[in-house]
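Structure, as structure tokens:
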């Protein structure tokens, strides 16, 4: 299942630093710690070799499955975000605002997974 994460910021290099590459390879996802897969969201545009974020927002879809270690992913993401914390306004997981905090991010993702799973039942 896919979880949407939005990062509102004022640092144009954040997206590239997050994935540690100059661009998303085509439109395929990138496997990050925790075996999560992050993918460009429709609001992220790939133009040639360049990713352009609209309105200083990074939109990510994170593929989460039974092999995903959500705590490890949250640890990785928080570590990346704390490097740019002074330029990040807020983060949201499935529309819910979350602080740049590993425990809060883990809980928000777990809640989103539970909510998505329950709505499919």
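Among the residues of region 67-89, write down those that are within 12 Å of the chain's Cα centre (by Cα) and closer than 18 Å to residue 13 by Cα.
76, 77, 78, 80, 81
Would you check if residue 18 is at pLDDT 80 or above, touching a strand residue (DSSP E or B) at 6+ places or on another chain (Cβ under 9 Å) and in a helix (DSSP H, G or I)?
Values: at pLDDT 80 or above: no; touching a strand residue (DSSP E or B) at 6+ places or on another chain (Cβ under 9 Å): yes; in a helix (DSSP H, G or I): yes.
So residue 18 does not fit the description; no.
Which ones in region 84-120 are surrounded by 14 or more Cβ atoms within 10 Å (Cβ to Cβ), touching a residue at least 12 places away in the same chain (Cβ under 8 Å) and not in a helix (DSSP H, G or I)?
The answer is 84, 88, 91, 92, 93, 94, 100, 101.
Could you tell me whether residue 74 is surrounded by 12 or more Cβ atoms within 10 Å (Cβ to Cβ), in contact with a helix residue (DSSP H, G or I) (Cβ under 7 Å, 6 or more places away or on another chain) and either assigned to a helix (DSSP H, G or I) or at pLDDT 95 or above (or both)?
Details: surrounded by 12 or more Cβ atoms within 10 Å (Cβ to Cβ): yes; in contact with a helix residue (DSSP H, G or I) (Cβ under 7 Å, 6 or more places away or on another chain): yes; either assigned to a helix (DSSP H, G or I) or at pLDDT 95 or above (or both): yes.
So residue 74 fits the description; yes.
The values are calculated or read from the model by the stated rules, or taken from the named source; none is laboratory data. Given the structure is predicted, the values throughout are model-derived calculations rather than measurements. No Cβ is skipped: glycine too gets one built from the backbone with ideal geometry, and neighbour counts run over all protein chains shown.
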